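Single-structure report; data block below.
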Amino acid sequence: MCGIIGITSNKSVSSAIINSLRKLEYRGYDSSGLATLSEGIIYEVKSEGRVDNLEKNLATKNMLGSVGIGHVRWATHGIPNTVNAHPHSSENVSIVHNGIIENSTILKKYLISKGHIFKSQTDTEVIVHLITEYLKENNLKDSIVKMLKQLHGSFALGIIFKDKPDLIVGARRGSPLAVGYGPNENYLGSDSYALKSMTNKISYLDDGEFCVLKKDQVDFFDENGKKVNKKVLELSSNEENYEKGEFKHFMAKEIEEQPTTLKNCIKEYIDNINNDINIFNIPWDLKEISSITLIGCGTAYHSCLMAKYWFEELTKLDVTIDIASEFRYRKNRFKKESLYIFISQSGETADTYAALDLCNKNKMKTCSVVNVIESSIARDSKFVLPIHCGPEIGVASTKAFLGQMMVLYIFTLKLAFLKKDLKKEIYIQKIKDLKNLPQLVEKTLLIESQIQTISSTFTDAKGSMFLGRGFSYPIALEGALKLKELAYVHAEGYPAGEMKHGPLALIEDGIPVVVLAPRDNYYQKTISNMQEVIARGAKVLLITNKSKDEVVSENIWQTIEVENANDDLLPFLLTIPLQKLAYYSALKKGYDIDKPRNLAKSVTVE
Ligand code: F6R
């Protein structure tokens with residue numbers, strides 16, 4: 001949420017900043033800006049909308065400077081316009097900020113009383129004036145320490161100073177920030193993705209730390225200004241993962257990549273020869289765990305719900321799931337024998353991180369299922385299960401969802417086996433079935449033209465419903481979320497059996513309803529629920545799996561058949577047509593598929 005870049009070099013930096021901002025655009029895209037410093041003058045350019053606009057604007061200016069900061073914004077305080085776009089500057093400093101300053105109103109009052117004049121509606125501007133105020137009587141380091149102590153909330157900052165020719169200060173609390181090292185230049189960035197085209201050597205700031213970057217030196221400090229040492233990490237450089245290639249959108253590429261990403265994940269966790277699961281170095285005796293709490297947001301929360309069904313089906317463990325933003329403020333009764341699992345693609349989601357932090361502070365066993373292994377959630381959980389998906393750039397999560405489900409399913413099997421809830425022969429059979437899944441996903445991905453035709457009905461509808469029972473219910477929720485966020489069509493995911501308790505009132509002639517009814521234990525029940533909506537005029541898209549037996553039901557508008565698999569694995573296959581339905585619905589409407597309105601990829605604010 002919001003992206004920051006900073007470069008200090010011995011050559012002009014503005015075009016390199018623009019290139020990095022393009023990479024960061026997935027974090028926020030309502031406005032952007034950059035500031036450079038040359039011979040004691042801070043130059044600034046900002047634009048509403050995409051980085052393309054900023055680049056056009058930049059072409060009309062002569063932005064000198066070998067030091068600079070840039071920003072892409074996801075608005076929190078103040079509408080997305082040029083005035084509220086970052087950087088924000090005073091006569092002495094220029095600042096880019098990611099996060100929220102919770103005590104900005106109080107600080108603003110104080111600063112106005114000191115004669116500071118505010119130009120924007122943002123919370124960020126208080127940081128500008130606060131540091132300007134402290135610099136009147138303190139040196140740079142003391143001013144930073146003093147300023148950071150005054151700020152409440154979460155933030156990552158990049159700051160340049162009019163009278164410090166080659167210097168950038170970075171600071172972090174809550175929101176992630178990385179430093180990159182290059183030849184005669186150094187970089188600051190919200191994530192390694194923004195820095196990757198310039199360097200593969202990076203360090204991450206820990207919470208509360210700040211850093212001072214010069215083109216040939218980087219120093220790190222704790223919140224009291226005491227120097228700290230940092231490890232330099234080497235990133236693997238697989239640049240093609242970050243390109244769309246032949247695809248029109250990252251989302252299309254990421255959907256098609258799923259057989260490969262699942263294969264990669266299987267390779268990491270499955271012992272092919274012995275049909276066993278390799279999860280090593282777990283810091284606890286898994287046999288002693290008697291309950292599990294799964295926590296996530298959005299799509300990751302749907303993975304939690306899916307895992308609950310698997311854990312309950314295959315183990316005797318007591319399983320609770322929670323939405324991170326709810327968990328963190330509820331009166332929690334922590335259970336010593338419970339394992340708390342945090343699911344997050346980015347590993348930076350503020351609510352999920354706060355829930356993890358709460359569990360760590362209460363000395364709970366914490367484990368995370370993440371995609372970005374350098375992320376805060378991965379670094380601060382006691383055990384990490386990576387999903388090995390490669391970078392997911394499209395804002396709507398697709399391959400990460402399947403990856404999360406895959407890892408959670410693998411973990412369920414392992415735990416079920418260790419706790420003797422699953423017999424060895426069944427365990428082995430399930431692993432064998434799992435190894436076959438990428439192939440089934442590949443075949444299911446071939447469903448294409450039918451979905452393209454169907455999608456028009458959804459784009460024209462004023463609303464839609466997605467129904468499922470049992471294992472298919474979390475997938476119904478996920479299908480509805482995808483359609484909402486990409487095609488901006490109201491879509492409700494619901495347990496099919498609950499319809500008669502209220503939502504059936506929404507069903508009227510022609511409303512499109514997706515019914516997920518694979519031939520599992522719930523099949524007959526779901527088909528009956530489907531009849532109830534058909535009887536009230538719904539246009540039903542039935543998604544089931546291939547079978548010799550025809551679906552005994554008239555008046556189904558459309559049927560899509562996914563490949564056949566054991567019941568546990570059908571949720572993976574049912575997800576595919578729903579991802580494509582959302583994709584094609586958004587495409588038909590001409591929406592920006594990789595960057596849906598009002599959203600951003602990494603949600604680092606509450
Ligand atoms: C929906 C989507 C979001 C994320 C959610 C959590 O397509 O992508 O709902 O799943 O913001 O993000 P992570 O997994 O990064 O914690």
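The values are calculated or read from the model by the stated rules, or taken from the named source; none is laboratory data. In this text, all values refer to a predicted model and were calculated from it rather than measured experimentally. Neighbour counts run over all protein chains shown; Cβ positions are idealised from the backbone, glycine included. When the accessible area is computed, the model is the full protein with side chains, heavy atoms only, and any ligands, DNA or RNA have been set aside. Shrake-Rupley method; radii C 1.70, N 1.55, O 1.52, S 1.80 Å.
Here the chain is assigned +1 on the Cβ of each Lys and Arg and -1 on the Cβ of each Asp and Glu. Its dipole about the Cα centre then comes out at about 920 debye. Each peptide in 355-361, 327-333 gets a packing score, the mean of other Cβ atoms within 10 Å over its residues, and the list from highest to lowest is 355-361, 327-333. Inter-label distance, ASN10 to HIS501: 7.0 nm, where each label sits 7 Å from its Cα along the C-beta direction. Note that the range 241-435 presents 40 Å² accessible area per residue, ligands and nucleic acids not counted, probe 1.4 Å.
Report, in degrees rounded to the nearest 10, the 0 to 90 angle that the Cα long axis of helix 14-24 makes with the longest principal axis of the chain. Helix 14-24 and the main axis of the chain meet at about 30 degrees. Between ASN275 and HIS152, the contour length at 0.36 nm per residue exceeds the Cα-Cα span by 39.2 nm.
With the contact rule set at Cα under 8 Å and sequence spacing of 6 or more, what percent relative contact order holds for the chain?
Numbers: 1340 pairs, mean separation 70.8, N = 606.
Contact order relative to length: 12 percent.
To one decimal place, what orientation-averaged projected area in nm² is obtained for the convex hull of the Cα set of the chain?
Averaging across all directions leaves 28.1 nm² for the Cα convex hull.
Distance between the pseudo-spin-label points of GLN217 and SER547 (7 Å out from Cα toward the beta carbon): 7.2 nm.
Peptides 185-191, 278-284, 311-317, 423-429 ranked from most to least packed, by the mean per-residue count of other Cβ atoms within 10 Å: 185-191, 311-317, 423-429, 278-284. So, counting K/R as plus one and D/E as minus one, what does the shell of residues with Cβ under 11 Å around SER381 add up to? Net charge in that neighbourhood comes out at +1. Available extension along the chain between GLU374 and TRP284 is 30.1 nm, counting 0.36 nm per residue and deducting the alpha carbon span. Axis of helix 399-418 versus longest Cα principal axis of the chain: the two differ by about 60°, to the nearest ten degrees.
Please give the residues of the range 140-157, grouped as numeric ranges, whose backbone N is less than 15 Å from a label point set 7 Å along the Cα-to-Cβ vector of LYS114. Within reach of a label on LYS114: 140-152.
The mean sequence distance of close C-alpha pairs (under 8 Å, at least 6 residues apart), as a share of the length of the range 152-192, puts its relative contact order at 33 percent.
Placing pseudo-labels 7 Å out from each Cα toward the beta carbon at ASP52 and ASP509 gives an inter-label distance of 4.2 nm. Ordering ASN229, SER203, LEU294 by Cα displacement along the dipole of the chain toward the positive end leaves ASN229 in first place; charges were set at the Cβ atoms of Lys, Arg (+1) and Asp, Glu (-1). Here the accessible area is traced with a 1.4 Å probe on the protein chains. For the range 241-435, carbon and sulfur cover 50 percent of it. In degrees, nearest 10, range 0 to 90: what is the angle between the Cα axis of helix 350-361 and the longest Cα principal axis of the chain? It works out to around 90 degrees.
What the range 2-234 shows is 39 Å² of accessible area per residue, with the surface traced by a 1.4 Å probe over protein heavy atoms. Need the list of aspartates and glutamates near LYS108 for cross-linking: C-alpha distance under 20 angstrom, and skip anything on the same chain fewer than eight residues off. Straight-line reach from LYS108, under 20 Å: GLU91, ASP123, GLU125, GLU133, GLU137.
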